[in-house]
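Heads up: the structure comes next, in structure tokens.
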Amino acid sequence: MTTRTQATFFPPIPEARRWLEGVTFPADRPLLNLSQAAPVDPPPPGLRAALAEAMERSDTHLYGRVLGNADLRAALAQNWAQHYGAPVDAAQVAITAGCNQAFAATLSAICTEGDEVLLPTPWYFNHKMWLDMSGVTAVPLPAGEGLIPDAEAACARITPRTRAISLVTPNNPAGVEYPAETVQAFFDLARETGLYLIVDETYRDFDARPAPPHQLLQASDWDQTLIQLYSFSKTYRLTGHRVGAIIAKPELLHQIEKFQDTVAICPPQTGQIAALWGLQHLAQWVAGERAEILDRRAAILDGMPGIEPRGWSLLGLGAYFAYLEHPFTEPASVIAPKLVREASLLLLPGTMFTPDGDDSGERHFRVAFANADRAGIATLFDRLAALDWPRRR
């Protein structure tokens, strides 16, 4: 017998790290790791000090509320309301052990075995893995021009088993910031067809647009259709503390409470304390982090003219990611380990973000540039430009 967990693929990030085994990198060409979208620098000093102080409190080491501490839920509701210019109540907020758990908890509450969820491709691999492990069918929705999914195309894929449409914007892996009208069209489709629209906004704080990315919360009944997911991990450099959130109707969160109590009992206290301190004190610091990420995004645009004559194309760009099309005859899944050995570059091939049978992934690479400054990004383009491999005609 094969279990559902055995039937899904292995996590791509550990697989990519295995390509490093046994490889020695020359002193003049050290490894440039652009495989994972996680900040490697620690949180800012003030936040670290707040965490150290919290370790002396007895309640830090106890179980907390299943859906998260009340003060953090209230603070995030206020932050969400300010960001989107619409009222959000603390009862519409739940805190989770990371955004991956937010997705898993949400799907456990709205789906059963044999149901379907529409996922635009290229997709975030952990979302596909969780659907596999839950016995829920991921229905691929190939992105259109500019790697933006289309609501009309989604409508044609809805069946009686469809329960939700799931979007990630800014997108992982493609980096694309979905236009407000695109997100609105999906919301309208979901509301008309009785589905949920899940919008994962893990990278919301690095969106290049100064205005709110959509107006969905302006609808008085938004929480009957919309489920938003969020992560504090990237914003405050808290990846190891596992703290995310769900913003949805209270009745759904009450069902999600069953999942939370069974899997984690409560979100980690240290992560919640850090997230609350960040919401209260780090607005200016986050603005500086966003400006730095936007400058690195600009560095990608600055570097593209150096490789475009070599056949490379930029398909998507935003938040932590660039999505590139390569010019070579060999497929991306073969080239990726070769890049480690011959160019000291660790990139993820598009095959890690596409379903079986979708050959488009073999032409693409995801570049996660959050941990590469302008000099590192320039090194990336120098190494790509130097590749002299057979090219497609």
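The values are calculated or read from the model by the stated rules, or taken from the named source; none is laboratory data. On a predicted model such as this, the values are computed, not experimentally measured, just so you know. When we count neighbours, we look across all protein chains shown, and the Cβ atoms used for this are built from the backbone with ideal geometry, even at glycine. With ligands, DNA and RNA removed, areas are computed over all heavy atoms of the protein, side chains included. Shrake-Rupley method; radii C 1.70, N 1.55, O 1.52, S 1.80 Å.
Quick notes
- Nearest-0.05 FRET efficiency for Glu56 and Trp285, computed from C-beta distance (R0 41 Å): 0.95
- To put it simply, the accessible area of the chain at a 1.4 Å probe is 51 percent carbon and sulfur.
- For the chain: accessible area per residue (Å², 1.4 Å): 42
- The label point for Ala27 and the one for Ser313, both projected 7 Å from the Cα toward the Cβ, are 4.3 nm apart.
- 14 Å beta-carbon shell around Leu67, net charge (K/R +1, D/E -1): -1
- Cα gyration tensor shape of segment 176-323, rounded if a/c is under 1.5, else prolate or oblate by comparing a/b with b/c: oblate
- By a 1.4 Å probe calculation restricted to protein chains, Phe259 has an accessible surface near 40 Å², given to the nearest 10.
- The heavy atoms of Tyr320 present about 10 square angstrom of accessible area, all protein chains included, probe 1.4 Å.
- Accessible surface comparison of Thr106, Thr270, probe 1.4 Å, protein chains only, largest first: the order is Thr270, Thr106.
- Under 14 Å, Cβ to Cβ, from Leu189 - net charge with Lys/Arg +1 and Asp/Glu -1: -2
- When only Cα pairs below 8 angstrom with a gap of at least 6 residues are kept, the chain shows a relative contact order of 23 percent.
- Considering only alpha-carbon pairs that sit under 8 angstrom and 6 or more positions apart, the relative contact order computed for segment 80-213 is 22 percent.
- 19 Å Cα-Cα reach of Lys234 towards aspartates and glutamates, excluding residues that sit fewer than 8 places from it in its own chain: Asp41, Glu177, Asp200, Glu201, Asp205, Asp207, Glu289, Glu292, Asp295, Asp373
- Electrostatic dipole magnitude of segment 215-311 [Cβ: Lys, Arg +1; Asp, Glu -1; Cα centre; debye, to 20]: 280
- For the chain, share of DSSP beta bridges that run antiparallel, in % to the nearest 5: 50
- With DNA, RNA and ligands ignored, accessible area of Val243 (1.4 Å probe; Å², nearest 10): 0
- A value for P(r) over Cα pairs in 10 Å bins from 0, in percent was derived from the coordinates, and within the list (i) 5, 22, 28, 22, 16, 7, 1, 0; (ii) 5, 23, 32, 26, 12, 2, 0; (iii) 5, 19, 24, 20, 14, 9, 5, 3, 1, 0, 0, 0 it appears as (ii).
- Calculated FRET efficiency for the pair Ile265/Arg4, C-beta based, R₀ 35 Å, to 0.05: 0.90
- Modelled label reach - Glu192, point 7 Å along Cα→Cβ, segment 141-178 residues with backbone N closer than 16 Å: 150-159, 165
- Segment 48-135, dipole about Cα centre (Lys/Arg Cβ +1, Asp/Glu Cβ -1), debye to the nearest 20: 220
- Most positive-pole-ward Cα, Trp19, Phe9, Pro44, against dipole of segment 1-46 from beta carbon charges: Phe9
- Computed extension gain for Ala208 through Ala385, at 0.36 nm per residue and net of the alpha carbon distance, reaches 61.0 nm.
- Dipole magnitude of the chain about its Cα centre (Cβ charges: Lys, Arg +1; Asp, Glu -1), debye to nearest 20: 700
- Cα shape, segment 332-379, gyration tensor, a/c 1.5 rule: oblate
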